[in-house]
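Below is one structure, written out as structure tokens; comments come after it.
The values are calculated or read from the model by the stated rules, or taken from the named source; none is laboratory data. Keep in mind that this is a model prediction, so the values were computed, not measured. Virtual Cβ from ideal backbone geometry, glycine too; neighbours counted across all protein chains shown. In case anyone asks, the SASA skips ligands and DNA or RNA and just uses the protein heavy atoms, side chains included. Shrake-Rupley method; radii C 1.70, N 1.55, O 1.52, S 1.80 Å.
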Amino acid sequence: MGIKGVGMTPLAIIAKEAGLHVSGCDTADEFITDEALRKAGIEPLIGFSPDHTEGMDLVITTGAHGGFDNPEVVYAKEQGIPVWTQGEAVGKFMDLAKKKSFVEGIAALYAYESQIPEVSKSKIKGLGKFYGIKDEKTIEFFKVHMKADVWHSKNEMGIIKKYAKTDVEKK
């Protein structure tokens, strides 16, 4: 729920790349994350309806769009579907990374950081398009991440390839 948010989009993409079925909804408004979701093959549902939660094993929500009072969240809880906040989802992701091997932890970090350059690019584009913000000082943070996280993820992949034991792990 709120899949177009800048915190939710990377979570959705990581889950999809991990092989999970991902579905999410948001408003019909164009967001700076739309392009990243499209590239990942995730098409957000429009609006908020209890019908969106049919067949779901988990609902992740944000404080936006009513948070725990959102009709999807209320319905999911009534149906016994677990509901996590975005923060809880990130925490569980981190716990999972801690409980696994060093290489699996690096792979989890790689899965996250490899998404950041594209998200940063979308943020710069959206800041300019929707808010007229184009000055270098304001967008500098995102420009740094467009470069730094390419370097980070390249080095993380190098570690994965060096320490992974099987060909499948090395991919």
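Residues that are under 16 Å from the mean Cα position of the chain (by Cα) and crowded, with 20+ Cβ neighbours inside 10 Å within the stretch 43-57 comprise just one, P44. When K100, K171, K165, K161 are screened for being modelled with pLDDT of 85 or more and open to solvent by 90 Å² or more (accessible area, probe 1.4 Å), only K161 passes. Return a yes/no flag: does the stretch 8-25 have any residue that is modelled with pLDDT of 90 or more, open to solvent by less than 60 Å² (accessible area, probe 1.4 Å), on the phi > 0 side of the Ramachandran plot and not in a helix (DSSP H, G or I). Within the stretch 8-25 (the criterion being modelled with pLDDT of 90 or more, open to solvent by less than 60 Å² (accessible area, probe 1.4 Å), on the phi > 0 side of the Ramachandran plot and not in a helix (DSSP H, G or I)), the answer is no, since none of the residues qualifies.
Among the residues of the stretch 115-171, count how many are of a type in the set (D, E), within 19 Å of the chain's Cα centre (by Cα) and not in a helix (DSSP H, G or I). Residues in the stretch 115-171 being of a type in the set (D, E), within 19 Å of the chain's Cα centre (by Cα) and not in a helix (DSSP H, G or I): 0 in total.
One residue alone among K39, K4 is surrounded by 19 or more Cβ atoms within 10 Å (Cβ to Cβ) and among the charged types (D, E, K, R), and that residue is K4.
Among the numbered conditions (1) open to solvent by 30 Å² or more (accessible area, probe 1.4 Å); (2) in contact with a Cys (Cβ under 9 Å, 6 or more places away or on another chain); (3) touching a residue at least 60 places away in the same chain (Cβ under 8 Å), the only one that V90 does not meet is (2).
None of I60, I32, I81 is surrounded by 13 or more Cβ atoms within 10 Å (Cβ to Cβ), touching a helix residue (DSSP H, G or I) at 6+ places or on another chain (Cβ under 8 Å) and not in a loop (DSSP other than H, G, I, E, B) except I60. Residue selection: Q115 satisfies the criterion of being closer than 30 Å to T166 by Cα and either at pLDDT 90 or above or in contact with a Pro (Cβ under 9 Å, 6 or more places away or on another chain) (or both).
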